Amino acid sequence: MGKKHGRANYQWYVLDTHIHTPASSDYQQPDVTYLDILQRAEARGLDMIAFTDHNTVAGYRRMQDEIHQLNLLEGLNRLLPDERAKLNEYRRLLSRILVLPGVEVTATFGFHIIGLFSPTKPLREIDHLLLSLNIPADQLDDGSATVGATSDVLTVYRLIRQAGGIVIAAHANSSNGVAMRGFNFGGQTKIAYTQDSNLHALEVTDLEQTGRRTTAAFFDGTKPEYPRRMHCIQGSDAHRLTTDSSRKKNPGIGDRATDALLPEVTFEALMELFESNDFARTRPHRRKEEPVYDFIQVALEEGPNIIQDFHESMTVRGGKLYAIIADVCAFANTNGGTLYIGLSNDPKKPPIGVPEPEQATTQLDKEISNRISPSIQCTIDIHEMKGKKILRVLVPRGEDPPYAVDDNKIYVRDEAETGLAVRDEIVGLVLRGAKRAPEAGTVPAEILPEEKPSLEEVAIEPDLETDISPHTGVEVLPPEDRGGARYYTMRDLRNGNKVKNVTRASARRLWHYAIDRYMEISGNLDQAVSQWQGDLGMTRRYKQGKKTMYDLVQRTPSGYRFYFGVTPDGIHGPWKSLAGDEEA
């Protein structure tokens, strides 16, 4: 069933969850005290910080030991005046700033992984975790970043998660990050390292930048190989109190902070945020006066896609409420997603709004609960845009597919279109739902691209190791005539799944378009192909909303392969040069 999500008590808090202390061997100001670090954090307006020294929790322990010693002296009535002043300052600062114990572990390929823990977690348990990750016992308090790759990345994720920690891939887009920037290999490895179910968030260094080339945009859930949308945050990775004046890229505390919308400043609230599918509750912290980040406007400018859509109203008349229910079902069966109600999908049109939003929220919550089976846990909340109330529905990727409306109507999402699933898609959903849950620390099979099927029942048989077909859109395979009717096989380029026995009359919108185009050009390629580059050709470039779309053809020794409705996310490798489009 659905759930409503009130925000009356939520506030924006400022976090820097990646701070080093003198316990890290590469700390640049060894004379800095732990009180200095807290005072600097207060000066930067931080509400929550984490000590994340290299392969050790010694920094957090030293601060706790110092406070414990001062408390002990106070109990014995032996505090000197300067010690009393120090204890009072600790108490004042720790009443304003939550400090989490954490570690930054070095894993395979030198990749850095952060584990954050509750302040109530015994530090000896964190020591035990580090020993389990093969940190040498004699180096447990050294804070060395050069102990070597002690464990593989997925094992680090799994053990931190099992220990109750928040798992963050540190500076994921840097040379020591799991997004493998600069590596010319490891496609499947990169997918595993950035999509693993035990990973809570990616820390990135370009969060304040905008555009489709940013790390957050890459991991927004629209890429075929990366269907799990990732929480992206930023942290300073400070190895000093203040920014290095000679090297601006050598940050101080709070130089790269994140705002988080939380009900309270606690470890548990932060864990809940990262385990949710609400990606509008974090944003880069900006100190200068800038326009407020409007995530709804950003979504409008991106337009409908495989993980989001817009509805102007939810009236029963005209089937508008049913269209929303169908979208919820489709998102649950596909990658999850977000619906905005009270908005046109045209960013130039003003918001329409939802009258009586509280009542509408209750109605929609009831409809989702009553009409979709099995139950799907959605979140519905109310936002304001230009004086109008907008409903937002957060739909998770379902764990028990297939999901159906009114018991028998199964919908799936195909790029920006919701449609009824056909037989082969239903079989795929049943198989996905029947898969045994993977062991913790492994990548669920369903989030890895499936092996691209051979086309042995037709003339073309691509080499699966060298197949360079686009990653989005649909491939139309040569048809088969039976009983006076023509049947097509459609291959979903996102996952390689094939749907057989498609007729022009039964085809969904993209398939219908693709069949029409296939019939038009397959026998007349000389005139249809506007541009060839080697064996790759383009038959059409066109606009769908703000996105450029492509119809493509590939010449192979066995014949031609035809691809339609390819989005910029599906353009890769040699297709990039042919497309020649900035968006791709």
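The values are calculated or read from the model by the stated rules, or taken from the named source; none is laboratory data. Keep in mind it's a predicted model, so treat the numbers as computed, not measured. With ideal geometry, Cβ positions are generated from the backbone for all residues, glycine too; neighbour counts draw on all protein chains shown.
Which one of THR189, THR194 is buried (at least 22 other Cβ atoms within 10 Å of the Cβ) and under 18 Å from ARG229 (Cα atoms)? Give the steps one after another, and end with the answer.
Working: THR189 fails: buried (at least 22 other Cβ atoms within 10 Å of the Cβ).
Going through THR189, THR194 in turn, the sole match is THR194.
If you check every pair at least six apart or on different chains, which have Cβ atoms under 7 Å apart with a residue in region 519-535 that is farther than 12 Å from PHE562 by Cα first and a residue that is in a loop (DSSP other than H, G, I, E, B) and among the basic types (Lys, Arg) second?
none
Quick one: which residue in GLY211, GLY221 is within 30 Å of ARG44 (Cα to Cα) and not aliphatic (A, V, I, L, M)?
Values: GLY221 fails: within 30 Å of ARG44 (Cα to Cα).
Of GLY211, GLY221, the one residue that is within 30 Å of ARG44 (Cα to Cα) and not aliphatic (A, V, I, L, M) is GLY211.
Need a quick list: helices (runs of 4 or more DSSP H) entirely within region 207-318 having at least 3 residues that are modelled with pLDDT of 95 or more. Steps first, answer last, please.
On the way: elements: 215-218, 267-275, 295-302.
The helices (runs of 4 or more DSSP H) meeting that bar are 267-275.
Output the number of residues of region 530-557 satisfying the condition of being surrounded by fewer than 12 Cβ atoms within 10 Å (Cβ to Cβ) and over 32 Å from the mean Cα position of the chain (by Cα). First the steps, then the outcome.
Here is the first cut: in region 530-557, the ones surrounded by fewer than 12 Cβ atoms within 10 Å (Cβ to Cβ) are 530, 534, 542-543, 546, 557.
Subset that is over 32 Å from the mean Cα position of the chain (by Cα): 530, 534, 557.
Going through region 530-557 one residue at a time, the tally reaches 3.
Need the failing condition index for ALA421 against (1) under 27 Å from VAL298 (Cα atoms); (2) among the small types (Gly, Ala, Ser); (3) in contact with a Leu (Cβ under 9 Å, 6 or more places away or on another chain), just the number.
Result: ALA421 fails condition (1) only.
Criterion first (assigned by TED's automatic domain parsing to the domain that holds HIS239, part of a loop (DSSP other than H, G, I, E, B) and without any contact (Cβ under 8 Å) to a residue 60 or more places away in the chain) does ASP138 satisfy it? Walk me through how you get there before you give the answer.
Values: assigned by TED's automatic domain parsing to the domain that holds HIS239: yes; part of a loop (DSSP other than H, G, I, E, B): no; without any contact (Cβ under 8 Å) to a residue 60 or more places away in the chain: yes.
Answer is no for this residue.
Look at ILE341 and say whether it is β-branched (Val, Ile, Thr), touching a residue at least 24 places away in the same chain (Cβ under 8 Å) and farther than 23 Å from LEU207 by Cα.
On the way: β-branched (Val, Ile, Thr): yes; touching a residue at least 24 places away in the same chain (Cβ under 8 Å): yes; farther than 23 Å from LEU207 by Cα: yes.
In short, yes.
Say we look at region 73-111 and pick out the residues that are of a type in the set (Ser, Thr, Tyr) and touching a residue at least 12 places away in the same chain (Cβ under 8 Å); which of these is farthest from PHE51 (Cα to Cα)? Talk me through it step by step, then tell me what you get.
Going through region 73-111, the residues of a type in the set (Ser, Thr, Tyr) turn out to be 90, 95, 106, 108.
Those left that are additionally touching a residue at least 12 places away in the same chain (Cβ under 8 Å): 90, 106, 108.
Values: TYR90: 16, THR106: 16, THR108: 22 Å.
Across region 73-111, the extreme among qualifying residues is THR108.
Can you name every residue in region 340-353 that is surrounded by 23 or more Cβ atoms within 10 Å (Cβ to Cβ) and aliphatic (A, V, I, L, M)?
Passing the criteria: ILE341, LEU343.
Checking the conditions here, which among THR361, THR379 is in contact with a His (Cβ under 6 Å, 6 or more places away or on another chain) and over 19 Å from PRO304 (Cα atoms)? Walk me through it before giving the result.
Details: THR361 fails: in contact with a His (Cβ under 6 Å, 6 or more places away or on another chain).
Sole residue among the options that is in contact with a His (Cβ under 6 Å, 6 or more places away or on another chain) and over 19 Å from PRO304 (Cα atoms): THR379.
Could you say whether any residue in region 160-176 is modelled with pLDDT of 95 or more, more than 23 Å from HIS20 (Cβ to Cβ), under 12 Å from the mean Cα position of the chain (by Cα) and in the same structural domain as PHE279 (by TED's automatic domain parsing)?
no
Could you tell me which of the residues ARG286, ARG228, ARG240, ARG247 is touching a helix residue (DSSP H, G or I) at 6+ places or on another chain (Cβ under 6 Å) and on the phi < 0 side of the Ramachandran plot? Before the answer, list the steps.
Working: ARG286 fails: touching a helix residue (DSSP H, G or I) at 6+ places or on another chain (Cβ under 6 Å); ARG240 fails: touching a helix residue (DSSP H, G or I) at 6+ places or on another chain (Cβ under 6 Å); ARG247 fails: touching a helix residue (DSSP H, G or I) at 6+ places or on another chain (Cβ under 6 Å).
Within the list ARG286, ARG228, ARG240, ARG247, the selection yields ARG228.
Which residues, taken from region 377-392, are part of a loop (DSSP other than H, G, I, E, B) and either free of Cβ contacts under 8 Å to residues at least 40 places away in the same chain or of a type in the set (S, T, N, Q) (or both)?
Here is the first cut: in region 377-392, the ones part of a loop (DSSP other than H, G, I, E, B) are 377-378, 386-387.
Scanning region 377-392 gives GLN377, LYS386, GLY387.
Condition check: at pLDDT 95 or above, surrounded by 17 or more Cβ atoms within 10 Å (Cβ to Cβ) and of a type in the set (A, V, I, L, M, F, W, C). Does VAL422 satisfy that? Don't jump to the end; show me each part of the working.
Numbers: at pLDDT 95 or above: no; surrounded by 17 or more Cβ atoms within 10 Å (Cβ to Cβ): yes; of a type in the set (A, V, I, L, M, F, W, C): yes.
It is false that VAL422 is at pLDDT 95 or above, surrounded by 17 or more Cβ atoms within 10 Å (Cβ to Cβ) and of a type in the set (A, V, I, L, M, F, W, C).
For residues that are buried (at least 20 other Cβ atoms within 10 Å of the Cβ) and either more than 8 Å from the chain's Cα centre (by Cα) or not assigned by TED's automatic domain parsing to the domain that holds LEU15 (or both), tally how many sit in region 203-222.
Residues meeting the conditions: 5.
Conditions tested, residue by residue: (1) crowded, with 17+ Cβ neighbours inside 10 Å; (2) assigned to a strand (DSSP E or B).
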{"residue": "PRO355", "(1), (2)": "no, no"}
{"residue": "ALA360", "(1), (2)": "yes, no"}
{"residue": "SER375", "(1), (2)": "no, no"}
{"residue": "LEU394", "(1), (2)": "yes, yes"}
{"residue": "PRO401", "(1), (2)": "yes, no"}
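Residue-wise test of (1) at pLDDT 95 or above; (2) closer than 23 Å to ASP206 by Cα.
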site: VAL103; (1), (2): yes, yes
site: GLY110; (1), (2): no, yes
site: GLY115; (1), (2): yes, yes
site: SER118; (1), (2): yes, no
site: PRO122; (1), (2): yes, no
site: ILE126; (1), (2): yes, no
site: GLY143; (1), (2): no, no
site: GLY148; (1), (2): no, no
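Considering only residues that are acidic (Asp, Glu) and over 19 Å from ALA201 (Cα atoms), which ones fall in region 150-161? Quick ask: steps written out before the conclusion?
So the first thing to find is which residues in region 150-161 are acidic (Asp, Glu), and the list is 152.
Correct list: empty.
Would you say THR567 is surrounded by fewer than 20 Cβ atoms within 10 Å (Cβ to Cβ), outside the structural domain of GLY211 (by TED's automatic domain parsing), β-branched (Val, Ile, Thr) and under 21 Å from GLY211 (Cα atoms)? Outline the logic, then answer.
On the way: surrounded by fewer than 20 Cβ atoms within 10 Å (Cβ to Cβ): no; outside the structural domain of GLY211 (by TED's automatic domain parsing): yes; β-branched (Val, Ile, Thr): yes; under 21 Å from GLY211 (Cα atoms): yes.
Here the answer is no, as THR567 does not meet what is asked.
Grab the strands (runs of 3 or more DSSP E) fully contained in region 447-504, keeping just those with 1 or more residues being modelled with pLDDT of 95 or more and under 26 Å from MET549 (Cβ atoms).
Working: elements: 474-482, 485-492, 498-502.
Counting at least 1 such residues, we get 474-482, 485-492.
Going by the conditions given, is LEU15 within 14 Å of LEU98 (Cβ to Cβ), part of a loop (DSSP other than H, G, I, E, B), touching an Asp or Glu at 6+ places or on another chain (Cβ under 8 Å) and among the aliphatic types (A, V, I, L, M)? Spell out how you get there, then give the answer.
Values: within 14 Å of LEU98 (Cβ to Cβ): yes; part of a loop (DSSP other than H, G, I, E, B): no; touching an Asp or Glu at 6+ places or on another chain (Cβ under 8 Å): yes; among the aliphatic types (A, V, I, L, M): yes.
The answer is no for LEU15.
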